[in-house]
Every structure is written in C-alpha cells, then in structure tokens.
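The values are calculated or read from the model by the stated rules, or taken from the named source; none is laboratory data. Source: prediction; values computed, not measured. Cβ placement follows ideal geometry from the backbone for every residue including glycine, while neighbour counts extend to all protein chains displayed. In case anyone asks, the SASA skips ligands and DNA or RNA and just uses the protein heavy atoms, side chains included. Shrake-Rupley method; radii C 1.70, N 1.55, O 1.52, S 1.80 Å.
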Amino acid sequence: SGSQDESTTQALGERQDDDKETHIPDLENMKEDEETNSLKRKNADEDENSIVDDEKQRAKKPKQGDHAKEEIASDDSKIKEDNDREEVKEVETQLQHKSTDNKNTAGEKIVTQVELLNMKFEAGHENEGKKEEERAIDWSKTATDYEKWNMLSGKVTESSQRLCEQLRLLLEPTMATKLKGDYKSGKRINMRRVITYIASQYRKDKIWLRRTKKSKREYQIILAIDNSKSMRMCGELALESLAVISKALSKLEVGEIGVCSFGDEVQHVHKLDEPFTDMAGAKVTSHFTFDKESTCIEDGMRSILSVLEESRKNLSGEIDYRQLVFFISDGRFDSAKRNELGKLIRRAIEHKQFVVLLIVEDVAGESILETKQVSFRKGKMNVLDYMENYPFPFYIVLKDMQTLPHVLAEALRQWFQIMKQE
C-alpha cells in the first residue's frame, strides 16, 4: 500500500508540471496581443488628432474670393440704396408738380395716407358719438315710459285690487297641483288615516294622497287696444283700463297675458309666452300713440283667433272657457264690416273663447248709446241706433274707471252662466 501511494503522488506531480509548461506559452501570447492592440489604438488616435488639427487650421485660414464676394455685395446694396433714393426724389418731384398743377387748375388737394387715416379716425369718433347719443335717447325714452307706467299703476291700484278679488271668484283654478283624497295608492301617506288604518286591522287602506286638488290657474288672455286717431280723446282712459286689467290678472297669476294693437295694421306688442312685468308694461304703453288713420278691428279679431288656435296646445287638461279676449276701443268702426266681424265672433264662441268689448268714452263727448246711423234701402233713408245689430254680444260702456271692476266681473259672470246652461 505504501509503494502504491508513492507512485500515485509522483504521477500527480508530473501531471501538474506538464500543465504548467503547457499554460505558460499561452499567457505570453496574450500579453503580446494586448501590446500590439494598444499600439494600434495609439496610432489611430494620433491620426485622428492630426486630421482635426488640419481641419481647424484650414477653417481659420480665409478662403480665396470671400473678400471679393463681400465687396461685391456691399457695392450692390449701395447701388440699390442710391436707386431707391433717386426713385423717392422722382416721386416727390412728381407730387410737387401735380400739386402745383392742381392748385393752378382746380384747387384740389392731394390727400395722403396719413390724412386718410385721420379722416377715418374722426369718422369713427363721430359714429361712436352718435351711438352714445342714441343710447342716451333710448335710455331717457325707456325711463319716461317706465315713469308713465308707474303713474298709471299707482292711479289704478285700488281698482286693480278690487278686480283681482272679483276675478278670483270667477276664474276657477284649472291645474291640480296640491295633494288631496283618500286613495289606495298614491305619492304620499295621509297621516290622519294611519290610526284608523291600524285600528281596522289594516282593512281601511285608503290612506294615500294624489295631486288632484286644483290650485293653479292656467288661462290665456289677450288685451286688444284700438290705436286709431278716434281714440285720442279717450286714450288715457284706455291705458288706465289696460293697467287695471293687466295688474289684476298678474296678481291673480291667471297664466299667459298678451297685448295686441290694431289700427291700420295689427301688431302683437306683447306675446303670450312672455311674462308681463313692469318693464313689459312700460314698453306696451310707449307703443300706443293713437295716430292711425283707420280701425281694422276685423283684421285684429282674425289675427287674435289664429294666435289662440296655435297656443291652445300649450294648455293642459280641459280647455273649455280658458281663452279670453278683451277689446278696448271707442266702439266705432266700419259698418260694412259688421257681418264679417259677427262671423268671427260666432266662431270664437263655438271654440269656447270669451270675447268682450270695453267701450271707453270721454265724459264730455257724445255717448255711443245716443249715436245714430243712416242707411238707404230702395231709395229710402232709414235712421237707426248705432248699437242696433251690433256684432259684439258682450260689451261694456265705460266712462268712470271706478266702475270697471264691478261691470267687468258682472259681464264675465253672465257669460259663464250662459256657457254652463248651454
């Protein structure tokens, strides 16, 4: 065993020596390769640096011909400047010659661009000044119209309050907005019925409320005013009537209020879908000047009926007796149009629309009830009362504003009774 161990150790030692001898030449070759590579890198870096230095030196050196090009460019710019100066001088001389010629011949002046700009600037200032003046005029006009409307409203405060109370009894609510009733189903529970519901062992189950109580009014009312010259004597009374009726209707919250004027033409001054405020009232009163030549009441009636037909779809629920028209006029119009006007009024009654004529009169003037009209039939002259065969079935003759609330409410009451009987 001892001899075997010695032989194995000798063999291992010989192998290690052989390995060392074999690996040593490899390391030497690697070192030589590294040295050659480093030398190559140094040479390449030196070559690059030399190339860069050469380029820098070339860049620093001025190129041939650059100075010549710069000199040529400067000469060209000088030539252009000289040419421009010569052209300017020629234009100035031409303008001087033209100005002298114009002064000698027609005495006209050449307006330069600066003068044109000044003129435009002055014109712009003038336009702005005119616009400011127009705005001031419009503002003063609206202020006077608003003051006039406030005076009318203050004058008829008591009458409008009395008319509002009268209309509250006549114009019943049409829209169900409050809760009411004992129902088996609904939106809310009636707490008064809860105890009986529990005491009846849950048999009396009608404890629910529904929105079936009518508490809001939804009417469509149009005020039509005559704007012709025949209304000059009673125009103030007509505007007071407008203020009384519109104020009463606004306080009562009846719904939609519109204002229309008729004369030579028909104009809807205030539309139904617009709220009737104090500014709207001032605008309406400023429209009525009572200077139109004729009274086309039949055209006004036709236009109002078409507007009511279009706006009828905005009403909810039953539409019976919820559209009213108040005509404010002196009651005098073309007698040849009576038949046509009567047909239009009958059509309105068929559609359950109430039409009433408010005849305003001057206290010092002749009443329409005493006025006569003359007609000729078969060569014979017939004298009749003006109110005979009058197309309006409901009319009110008004001379004193204090009587308007009672008389108008009475006319409405009679009309509602007739409609209910029919």
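Calculated FRET efficiency, GLN161 to ILE418, Cβ-Cβ distance, R0 = 30 Å: about 0.60 to the nearest 0.05. Coupling constants for segment 229-237 follow from the phi torsions by the Karplus curve (6.51 cos²θ - 1.76 cosθ + 1.60, θ = phi - 60°), and in residue order they are 5, 5, 9, 5, 6, 10, x, 5, 5 Hz; glycine and proline get x. Database remark: amide H of ASN190 closer than 5 angstrom to the amide H of TRP208, LEU209 (H placed geometrically; neighbours at sequence offset of 5 or more, or on other chains; Pro and chain starts carry no H). What the Cα convex hull of segment 264-379 gives, in volume per residue, is 155 Å³. On full extension, the segment bounded by LYS214 and GLU309 gains 31.8 nm, given 0.36 nm per residue less the C-alpha separation.
Label separation (ASP278 vs GLU253): 2.0 nm, computed from points 7 Å beyond Cα along the C-beta direction.
Could you work out how much longer the chain between LYS343 and VAL194 gets when fully extended? Use 0.36 nm per residue separation minus the Cα distance between them, nm to one decimal.
Values: separation 149, 0.36 × 149 = 53.64 nm, distance 5.84 nm.
Extra length available between LYS343 and VAL194 comes to 47.8 nm.
Work out how much length ASN389 to LYS206 would gain on full extension: take 0.36 nm times their residue separation and subtract the Cα-Cα distance, in nm to one decimal. Could you put the intermediate results ahead of the total?
Numbers: separation 183, 0.36 × 183 = 65.88 nm, distance 5.81 nm.
Roughly 60.1 nm would be gained on extension.
Across segment 288-305, computed HN-Hα scalar couplings (Karplus, 6.51 cos²θ - 1.76 cosθ + 1.60, θ = phi - 60°) run 8, 10, 6, 10, 7, 7, 10, 10, 8, 6, 5, 5, x, 5, 5, 5, 5, 5 Hz from first to last residue, x flagging Gly and Pro.
Remark on segment 186-322: Rg and Dmax equal 23.0, 79 Å (Cα only). Annotation: amide H-H contacts under 5 Å for ILE396 (H modelled 1.01 Å from N, sequence separation of 5 or more, or interchain): LEU357, LEU358, ILE359. For VAL269, the residues whose amide H sits under 5 Å from its own are VAL259, CYS260, SER261, ignoring neighbours fewer than 5 places away on the same chain, with H placed 1.01 Å from N.
Give me the percent of the accessible area of segment 240-393 that comes from carbon and sulfur atoms, probe 1.4 Å, all protein chains in place. Present the calculation step by step, with values, prior to reporting the outcome.
Values: 3620 of 7510 Å².
Heavy-atom surface of segment 240-393 belonging to carbon and sulfur, 1.4 Å probe: 48 percent.
Provide the per-residue ³J(HN,Hα) series for segment 251-261, in order, calculated from phi with Karplus coefficients 6.51, -1.76, 1.60 and θ = phi - 60°, each as a whole number of Hz, with x at glycine and proline positions. Result, rounded to whole Hz: 5, 6, 6, 6, x, 9, 10, x, 10, 10, 10. Rounded, prolate or oblate for segment 316-396? Axes are the square roots of the Cα gyration tensor eigenvalues, ordered a ≥ b ≥ c, and the cut-off for rounded is a/c under 1.5. Here segment 316-396 falls in the oblate category. When the C-alpha to C-alpha distance is required to be over 26 Å, the pairs from LYS187/LYS247; LYS214/LYS313; LYS184/LYS313; LYS337/LYS372; LYS206/LYS251; LYS187/LYS251 that qualify are LYS187/LYS247; LYS184/LYS313; LYS206/LYS251; LYS187/LYS251.
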